[in-house]
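Have a look at the structure below before the remarks.
The values are calculated or read from the model by the stated rules, or taken from the named source; none is laboratory data. What you see is a predicted model; the values in this text were computed from it and never measured. Every residue, glycine among them, receives a Cβ derived from its backbone with ideal geometry; neighbour counts consider all protein chains shown. Side chains included, ligands, DNA and RNA excluded: accessible areas come from the protein's heavy atoms. Shrake-Rupley method; radii C 1.70, N 1.55, O 1.52, S 1.80 Å.
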Amino acid sequence: MAYATGLVLLRGAPTTSSDPGIFLSVAARLLHGDRLYVDVYDNKGPLFYYSYAGALWVLGWRGPFLLDIVWLALAAAFSALLVRSIGGSRLLAAVAFALYPLILTGTWYYAGYSRLAIFSIIPLIGWLWLRRSFAWAGALVCAGMLFDLGLTLVLLSVPLALLALGVPDGKRRFQAGRAAAGLGAAAAVAIAFMAAVGELGGYVHTMIGNVAYSNNVLRDTAREGGITGHIHVAERLIPHFNEVRIVFLVVGALTVYSLARAWRARSLGATETILAAIFLSTSLTVSITLALTAAWGQHDQMLALPATWLVLFVLVRLQLIRWLVPRAAGMAAVIALGPVLLGGTIGGTLQLTKASGLSISSWHSPPLNNTAAALNRVRREQMPGLTRVTYTHLGRNDEEAQAAFLDDEFKLACPVFHQYMFTADLDGVLRCIREKRPRLILVTSTFVTLWSAPDRWNVFISQGERLLRDRYLLTLTRPDPIGPVQVWKLRSGAK
């Protein structure tokens, strides 16, 4: 836990800016009783937001970022236990313990984002499988899918490798059946719960929309779409890409050779063989997932999984060297240089929720929430007698986690409170405002026409500006580092 805490405090930073602000606002609305995907919307999985809401409730706005400590502690502990369960040495387990969380918090790490939990439980899934807890492994796969359904293949990567090898001993059909039963039981519980709270229909609709999400992001941000476009995104955001590709190809060839030799010798349960199979399985599933979904820098974080198994496999091969000095020198070089080459350093992407150098000052800095301050001021000064004030937001992800800092009297009127060039139903955003007539509308600086944007975005902006002029009155303008924050109030008698 101490190691995980150090990584998060030194390599991450809490923020109300950009996507984390959206996450905090959704979580805050859940704590106020709103239904996910119905009353408040984002396209992430339900377990991500339930965990976010719990951490926000217990620890305040920094809580969801501190939750990363738990995820990294799980990643460290169970990667080491998994290595020990396949017969790895204590040294190999220690390397796994230190290396996997280190690479997870490398160049692609953003504190408080949605995918860290998934990558952290993958070693636990493998460890449960090796302990013959197949149903629990399946249930945990389901939990990961409820964080991000798009990472299902990656969640299955370790069990698939173990199934292919026949590890542990037993009938593979029975093992797969038990895992499927566990997954099905967990899914049934999740479906029943979401149906009971009225979120199931919204969840299904959101997941269907997510099928085209990544490609729409590339298309509407003037980038190449399709598989080629996703691959180019992943390549551009991987530090030392050419060197990394060569290393993966060389080690991949070695793992194939190791597996072929083990198959001929009927020794598929050896440590080296299992490491080889897991490396190949994670590399394949990660490659397929990136080729279908990569759109943002944090998506490359999944590379930490095969990168870790690559280093462990190379170390096992080096342990076969008979001479002590070359063996020790080679292992030391791999341990030292592996994380640097494979993404264990900070840099290469935007510094949004990364620490600026080795500093923990951001963890006790006050949050930026000019948006909430503006809305609260208008309500207190102009609507002091109202116990319920409906509102919404026009703009992208610059709303600074407003819902986490608003007075209890506020109620979100329209679920899609953050809009982008790739938002599927921009017309629905304005239609909701016309129908629900929120008393206040928060407008941030990203609600603006863009010359590089698709026509539908600029049409949305022009229609939204007309709606504001016709039905609302600009009541407050507040300065903000990234642009002015405006609050518009519904005119008396506006229809």
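Grab the other residues whose beta carbon is less than 12 angstrom from that of Ser17, score K and R as +1, D and E as -1, and report the net. Intermediate values should be presented prior to the final figure.
Numbers: positive: Arg396; negative: Asp19, Asp398, Glu399, Glu400, Asp480.
Taking every other residue near Ser17 into account, the sum is -4.
Considering only DSSP states other than H, G, I, E and B, which trypsin sites (Lys or Arg not before Pro) in the range 132-199 qualify as loop sites with at most 13 other Cβ atoms within 10 Å?
On the way: sites: Arg132, Lys171, Arg172, Arg173, Arg178; in loops: Arg132, Lys171.
Counting only loop positions with at most 13 other Cβ atoms within 10 Å, the trypsin sites (Lys or Arg not before Pro) in the range 132-199 are Lys171.
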Cβ-derived FRET efficiency at R0 45 Å, Tyr213 paired with Arg172, nearest 0.05: 0.80
Using θ = phi - 60° and Karplus 6.51 cos²θ - 1.76 cosθ + 1.60, couplings along the range 309-315 (whole Hz; Gly, Pro as x): 5, 4, 4, 5, 5, 4, 5
The range 180-313, relative contact order in percent, only Cα pairs under 8 angstrom and at least six apart counted: 28
Residues in the range 371-401 that a label on Arg437 would reach, taking backbone N under 17 Å of a point 7 Å out along Cα→Cβ: 388-392
Estimated FRET transfer efficiency (Leu473, Ile288; beta-carbon r; R0 60 Å; 0.05): 0.70
Net length gained if the chain between Asp407 and Val197 were fully extended (0.36 nm per residue, minus Cα distance): 73.2 nm
Gain upon complete extension [Arg245, Ala336; 0.36 nm per residue less C-alpha separation]: 30.9 nm
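Once neighbouring chains are kept in place and the probe is 1.4 Å, which whole percent of the accessible area of the chain is contributed by carbon and sulfur?
Numbers: 13370 of 21130 Å².
Carbon and sulfur: 63 percent of the exposed surface of the chain.
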Between 0 and 90°, nearest 10: helix 134-147 axis offset from the chain longest Cα axis: 30
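Among the trypsin sites (Lys or Arg not before Pro) in the range 302-331, which ones are in a DSSP loop with at most 12 other Cβ atoms within 10 Å of the Cβ? Mind listing them? Each step should come with its number before you reach the end.
On the way: sites: Arg317, Arg322, Arg327; in loops: Arg322.
When the trypsin sites (Lys or Arg not before Pro) of the range 302-331 are filtered for loop state and at most 12 Cβ neighbours within 10 Å, Arg322 remain.
Run the numbers for Gln463 and Ile231: contour at 0.36 nm per residue of separation, minus the present Cα-Cα distance, in nm.
Working: separation 232, 0.36 × 232 = 83.52 nm, distance 3.60 nm.
Computed gain between Gln463 and Ile231 is 79.9 nm.
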Pairwise label distance in nanometres, Tyr3 with Arg491, each label 7 Å out on the Cα-Cβ vector: 6.4
Karplus 3J(HN,Hα) series, Hz, for the range 164-175 with 6.51 cos²θ - 1.76 cosθ + 1.60 (x for Gly, Pro): 4, 7, x, 10, x, 4, x, 6, 5, 5, 5, 4
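Could you order Ser283, Ser17, Ser25 by accessible surface area, starting with the largest, using a probe radius of 1.4 Å? Don't jump to the answer; show the numbers that get you there.
Numbers: Ser283 20, Ser17 40, Ser25 0 Å².
My answer, sorted largest first, is Ser17, Ser283, Ser25.
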Amide proton proximity set for Thr475, modelled H, under 5 Å, gap of 5+: Val487, Trp488, Lys489
Angle between the chain longest axis and helix 90-104 axis [Cα atoms, degrees, rounded to 10]: 30
Amide N of the range 445-462 lying under 18 Å from the label point, which is placed 7 angstrom from the Cα of Asp427 along Cα→Cβ: 454-462
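I'd like the antiparallel share, as a percent to the nearest 5, of DSSP beta bridges with both residues in the chain. Please report the intermediate quantities before stating the final value.
Details: 10 of 18 bridges.
Given both bridge residues lie in the chain, the antiparallel proportion sits at roughly 55 percent.
What FRET efficiency comes out for Val448 versus Arg266 if R0 is 45 angstrom and r is the Cβ-Cβ distance? Round to the nearest 0.05.
Working: r = 66 Å, r/R0 = 1.48.
Efficiency computed from Cβ-Cβ geometry: 0.10.
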Alpha-carbon Rg/Rh ratio, for the chain, with Rh computed the Kirkwood way: 1.01
Rounded to 10°, Cα long-axis angle of helix 116-130 versus longest principal axis of the chain: 40
Heavy-atom accessible area order for His32, His393, largest first, 1.4 Å probe: His32, His393
Hz values of 3J(HN,Hα) by residue in the range 376-392 - Karplus curve (6.51, -1.76, 1.60), Gly and Pro given as x: 4, 5, 5, 4, 5, 8, 10, 9, x, x, 7, 9, 8, 10, 7, 7, 8
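With every protein chain present, what is the per residue accessible area of the chain (1.4 Å probe, Å²)?
Numbers: 21130 Å² over 495 residues.
That works out to 43 Å² per residue.
Provide the packing ranking of 157-168, 134-145, i.e. peptides ordered by the mean count of other C-beta atoms within 10 Å per residue, highest first.
The peptides rank, most packed first, as 134-145, 157-168.
Given the rule -39500 (n - 2.57) for each run of at least 4 DSSP H residues, summed and divided by the residues of the chain, what is its mean residue ellipticity at 222 nm, to the nearest 500 deg cm²/dmol?
On the way: 20 runs with 295 residues, N = 495.
Value at 222 nm, helices only: -19500 deg cm²/dmol.
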Where chymotrypsin sites (Phe, Trp or Tyr not before Pro) fall in DSSP loop in the range 381-463, at most 12 other Cβ within 10 Å: Trp451
Partnerless cysteines, meaning none of the other Cys C-beta atoms lie under 4.7 Å away, in the chain: Cys142
The range 10-89, Rg to Rh (Cα coordinates; Rh as Kirkwood inverse mean 1/r): 1.12
